1. Can you tell me which residue within the stretch 24-60, out of those that are touching a Leu at 6+ places or on another chain (Cβ under 7 Å) and among the small types (Gly, Ala, Ser), is modelled with the highest pLDDT?
2. Could you list, in sequence order, the residues of the stretch 107-133 that are closer than 26 Å to Ile48 by Cβ and surrounded by 20 or more Cβ atoms within 10 Å (Cβ to Cβ)?
3. Please pick out the residue among Tyr265, Tyr211 that is among the hydroxyl-bearing types (Ser, Thr, Tyr), modelled with pLDDT under 85 and buried (at least 16 other Cβ atoms within 10 Å of the Cβ).
Amino acid sequence: MNRVFTQPLVYTAVMMSLLSGCSDGDDGKPGLDGKQGQDGKPGNPGLIIATSAEQLSLKYLDASINDDGASTAKFEVLNELDLPVVGINSVSFIKAQLLNNPKGFSEFQYLSDLDCTTATDSCLTDHGDGSYTVTDSKQQSQYDKSVPQRFVLSLSKHNGNTIYSENLIPEIAKTIDFMVDGSELTSTRKIVTTASCNECHTDLAFAKNGYEGESHYTNDINGCITCHADGNDINGAKGEQLSSITGFAHEWHNTLHGEKVRIAYDCTSCHATENTAELPNASDWLSDTANDKACLSCHPAESLKHNANLALNCSACHSVEQIHTKTSKVKKVTLDTNADQLVNI
């Protein structure tokens, strides 16, 4: 008897039938759209920051004074690689305003200063991206919003700034002048450049210091002018009164530890005789409204043979330009001393 094996044939037929009934999915009905998802939060792509530096630069982002007299400055600090520096934990915030003296010359009036730290108070805020905000909420009694205002931000190691722990970074102080209402400056006071000072001093911050072997808060002549300004009657580190730099600087150069500084014989060693874009007030010292405090640093009032009732305004009668722009005449009239008493700085 011949046997017929039909099982494999049946299995194959069933599989073929099943396969022929399969679909690629394209013939089904489309599903319903899903619900709208919530908006994502703004991403943080990351910021490369620095916590140390060999050099610092400071840039003002904003400077303002509100109706109550509270002063606020926002600034940015970068290192030598232009990376934002975080961790600045102290800053000196200095305020002054520029007034026109009745005799005709302009002079800064010191208002106040405040040492702000992130550790002990809330007047300095580190935003964590290289930017900072410092605020002095104390109202200034002599504040006049109609005249040019000046802020100076000083990053100093003297008030415990840890960024200076290795003493690698020069002291920096950055100045900004502005009108409270945002308009153009009505007047300026830029007579001498820091570069002219550094031709002799190398680093102006060390020119006059109250800290043996250390710098004196600022390497910018504009910073010096702001603190050593009319109205600043506080005492320095050694008890000396901080007077106007107009008289003070001339006195420093005319008598240094009992000796005379050689360049004091030539005013043009420091001063220019013509105004420039950088120094819009360079020639003010030659005008008939020159600041007589400079004159008195060399010519004490008690030694002048004038009527006691005569108003003190030297340049109204005497030509500063005629007398003080030639070295030979300066040598003759500025100081009465011997050549061997002169010192170089």
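The values are calculated or read from the model by the stated rules, or taken from the named source; none is laboratory data. Computed from a predicted model, the values in this text were never measured in an experiment. Here the Cβ positions follow ideal geometry from the backbone for every residue, glycine too, while neighbour counts run over all protein chains shown.
1. Ser57
2. Let us first name the residues in the stretch 107-133 that are closer than 26 Å to Ile48 by Cβ, namely 117-119, 124-133.
Matches in the stretch 107-133: Leu124, Gly130, Tyr132.
3. Tyr265
Okay, residues lined up against (1) surrounded by fewer than 21 Cβ atoms within 10 Å (Cβ to Cβ); (2) over 21 Å from Asn219 (Cα atoms); (3) among the aromatic types (Phe, Trp, Tyr):
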position	(1), (2), (3)
Glu54	yes, no, no
Ser57	yes, no, no
Asn66	yes, yes, no
Phe75	no, no, yes
Asp82	yes, no, no
Ser90	no, no, no
